[in-house]
Structure formats: structure tokens, C-alpha cells
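The structure under discussion appears below in the form of C-alpha cells.
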Amino acid sequence: MRRHAAALAVVLASAAGITTAAAPDAQAWRPPPVKACGATAADKALAATLSPTIHSAGLAGVSADQVSCARQILAEVKAEGFTTQAGKIALMTAITETGLRNYLGGDRDSLGLFQQRPSMGWGTRAQIIRPSYSTHRFLAAMTKRYPKGSWARTDPGRVAQNVQRSAYPSRYNRERTSAARLVAALWKGSSAPSAPVKPTKPAKPTKPAPVSSAQALVVPGGGIRVRSGPTTAAKQIRFLRGGSKVTATCQRAGKSVTIGRYRSAYWSYLPAQKGYVSNAAMHRNGATALKAC
């Protein structure tokens, strides 16, 4: 990523939930270390194809690891049942904040692809530097500020700004084209296969696990969205705030449930809300016991 040090300093200075004054002196500033997102051979090949077409304020081509970071962001967006528009907004934000680099530092205590701050309640350091978690928190903040899907009807740059609270609000829309090209290239394969592994002996068939009994749970800090019924036309029916107490019945008896565009055999039914929620979303920050479901 070819950019002046001063420009990148400004990017990192506009971390989520903060405002800053002037960028540090370019001669004194050094970029923080990066935690690799873990590029695959497919990411490397795609980066070679995409690089000549991606040029914006935050990107001058893309590396294999930048493609990997973008792929993991979109995988989380899809897993939570959002649309390509949400993926575009998330990528516009990450490109603007860090150029799709998972930084281990930034302005004050800012971290990760979205430059979220532990001191501002975005999560712990270990959580924020996980692309899936930081994306989840970004989406949770987006839906909180734009309930009932209103984010999809709002200018994407404004949505990103209202989540990040940057001192430079006009920068996000400059990354529309780059984000759109990445979404177009990665959306269908955003759960891209990793490097091939050696085949193993097939496991002995086992009987499907029974549906678990009802259990009392606490909604994680970022909150969760409950989706109605096992249908590809499932709609969001409620957003449950973090700390809410719910009763859930796990569905795992060998049958997958399709919620929106995401299919998984690990969903829980919340009787009071008459809808399903992904188990992954329930225990993402370790705040609930729903891990053995």
C-alpha cells in the first residue's frame, strides 16, 4: 500500500469513537505492527487480479493479506445475515481506517481493522484484533444507530461516520469504488477455502444429538438480532440488547436451519421472541454459556 506516512497517520488517528487534532509529524511517526489475517493461495491469486483495478485514497492495489482481511470481514457480514450493502459499508470503513491492515496499535489504544478502542467499550485487545469480532462489533453499532434496517437507506459514508465518529467525516465515501469491487469479487466466496489439508479417515457415523433442554442465557454485550423461522425469506423481528436474559432451546438434531442467506446446524430458538439466533452470535464475547449446544 503506497501512501505517505502522514496520510496513514491521519487514517489511524480517526479511530472508532474518537476525534483527534492534527496528524503527528511524518518524520517521527512509524506505523504500528500488523497481525496478519492469514492469506490463502486463493487470496494471493485474487490479489494479483484485483490490484490493477483498485486505486483510491486508502488503497493502491491490494496484497494477499489485505484480500484475506476483506474476505473475513465479508464472511462475518454474511454469517450475521446482512446484505452486500452492509459488506460495502464495512469495507469502506476498514479501508479508510487502516487500508485493510489489522494493526496492533494506532492513536491512543486503537486497534484492529476498524481501529476500535478497548477503553471505549469495543472489547478487549485480544477480541478486537480478531477480524470476525471487530466486524461483529461494527455491525452491532451500525444497527444500534440505524435500527430497522435504516442503514440500508442512508448514504454509506454517513453510516460509517456515525459509527466511527471520525474527525474526517468525508473520507469514507472516497472508498466506495474500491469497496464495491472487493465485494463483487469476494462475496460469493467470502468463506474462501484455506490451504488443502491431507484427507483423514472418515469418522464412524453417530446418531444425531438430541435437541437440548431449555436454558437461561444472557445476551452478549454487543446484542443480538433474532430472525424469524427457518426460511430463506426470514426477516429480522427484534434486536436484543446486551445483558438481556433469554431462554433458548438449541436445534442441532442433524438438520440445518436457513436464516436469511446463512445456513447452519447450530441455531437456538428463543420462544419469547418466536425466532432463531446464531449460537456463534450468542457466545461471541464469552458472555454466555451457550458453547456446547
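The values are calculated or read from the model by the stated rules, or taken from the named source; none is laboratory data. Note that the coordinates shown come from a computational prediction; the quantities given were computed from them, not determined experimentally. Because the Cβ atoms are built from the backbone with ideal geometry, glycine has one as well, and the counts that use them run over all protein chains shown.
Conditions tested, residue by residue: (1) aliphatic (A, V, I, L, M); (2) outside the structural domain of Met120 (by TED's automatic domain parsing); (3) in contact with a Gly (Cβ under 6 Å, 6 or more places away or on another chain); (4) at pLDDT 55 or above.
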position	(1), (2), (3), (4)
Val11	yes, no, no, no
Gly17	no, no, no, no
Glu80	no, no, no, yes
Ile89	yes, no, no, yes
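Going by the conditions given, is Ser166 surrounded by 16 or more Cβ atoms within 10 Å (Cβ to Cβ), part of a loop (DSSP other than H, G, I, E, B) and either free of Cβ contacts under 8 Å to residues at least 60 places away in the same chain or not aromatic (Phe, Trp, Tyr) (or both)? Yes; evaluated as a whole, the condition is true for this residue. For beta carbons closer than 6 Å, sequence separation of 6+ or different chains, a first residue in the stretch 60-78 that is without any contact (Cβ under 8 Å) to a residue 12 or more places away in the chain and a second that is not aliphatic (A, V, I, L, M), there are no qualifying pairs. Candidates are the residues of the stretch 39-77 that are touching a Pro at 6+ places or on another chain (Cβ under 9 Å) and surrounded by fewer than 22 Cβ atoms within 10 Å (Cβ to Cβ); the one that is nearest to Arg171 (Cα to Cα) is Gly61. The residues of the stretch 228-273 that are at pLDDT 75 or above and among the charged types (D, E, K, R), listed by number, are Arg241, Lys245. Per the listing Lys44, Lys88, the residue uniquely under 18 Å from the mean Cα position of the chain (by Cα) and of a type in the set (Lys, Arg) is Lys88.
Residues of the stretch 51-79 that are of a type in the set (Asp, Glu) and over 10 Å from the mean Cα position of the chain (by Cα): Asp65 alone.
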